[in-house]
Amino acid sequence: MALAVPLVADTRQEMVDFLASLAAALSEGNGLAFLDRVDHAMPDYHKLEQNILAITEQNEVTASIDVIKQEGDDHTQMLTLDWFLEIRSREQGGPLDSRRETVKCRVERQKKKWKIVALEPLTLFAPPAVR
């Protein structure tokens with residue numbers, strides 16, 4: 001039983017670090033780094049891929065992610081997240097699109113790395129003209 005507390009604490013910190021890396025990838029305009037943390041077998045992965053690459057290539061993005069609820073173990077985590085995005089067109093004087101959504105996310109450890117295996121709503125990541 002003494003081992004359970006450190007594992008839970010370590011997993012919580014791993015999730016904080018994982019989510020920070022997702023937010024940083026978006027904020028740095030690095031869509032590929034974001035997608036590297038998503039399982040390619042995830043439902044609608046290709047739609048997410050298109051949207052992430054479009055918003056990071058065409059816009060300046062600021063992202064922050066806060067955990068509302070976290071459940072699971074050291075293999076699978078079910079997360080409810082408060083996800084905030086500011087998307088500003090790179091065009092001179094382009095519009096600012098602010099978005100805040102409650103996002104449901106399932107994350108699994110795959111070969112020692114955490115990967116998103118389910119994420120909704122995907123509309124949060126749609127390019128501004130599409131949303």
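The values are calculated or read from the model by the stated rules, or taken from the named source; none is laboratory data. Note that the coordinates shown come from a computational prediction; the quantities given were computed from them, not determined experimentally. Positions of Cβ are generated from backbone atoms using ideal geometry, with glycine treated the same way; all protein chains shown enter the neighbour counts.
Key figures
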read-out	value
Count - residues of the stretch 31-49 that are surrounded by fewer than 15 Cβ atoms within 10 Å (Cβ to Cβ) and modelled with pLDDT of 95 or more	7
Identity of the residue in the stretch 22-68, in contact with a Phe, Trp or Tyr (Cβ under 9 Å, 6 or more places away or on another chain) and not in a helix (DSSP H, G or I), that ends up farthest from S89 (Cα to Cα)	D39
Cβ pairs under 7 Å, 6+ apart, first in the stretch 108-127 and touching a residue at least 12 places away in the same chain (Cβ under 8 Å), second among the aromatic types (F, W, Y) and surrounded by 17 or more Cβ atoms within 10 Å (Cβ to Cβ)	W114/F18; L124/W83
Single unsatisfied condition, L19 versus (1) modelled with pLDDT of 95 or more; (2) aliphatic (A, V, I, L, M); (3) farther than 17 Å from A118 by Cα; (4) outside any strand (DSSP E or B)	(3)
Every pair of residues 6+ apart whose Cβ atoms lie under 9 Å, when the first sits in the stretch 90-106 and is free of Cβ contacts under 8 Å to residues at least 12 places away in the same chain while the second is hydrophobic (A, V, I, L, M, F, W, C) and surrounded by 13 or more Cβ atoms within 10 Å (Cβ to Cβ)	L96/I87
Residue match in the stretch 105-125 (condition: among the small types (G, A, S) and at positive phi)	no
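Matching residues to (1) more than 13 Å from the chain's Cα centre (by Cα); (2) among the polar types (S, T, N, Q); (3) closer than 22 Å to A33 by Cβ:
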site: T62; (1), (2), (3): no, yes, yes
site: E71; (1), (2), (3): yes, no, no
site: I87; (1), (2), (3): yes, no, yes
site: D97; (1), (2), (3): yes, no, yes
site: R106; (1), (2), (3): no, no, yes
site: K111; (1), (2), (3): yes, no, yes
site: A118; (1), (2), (3): no, no, yes
site: L124; (1), (2), (3): no, no, yes
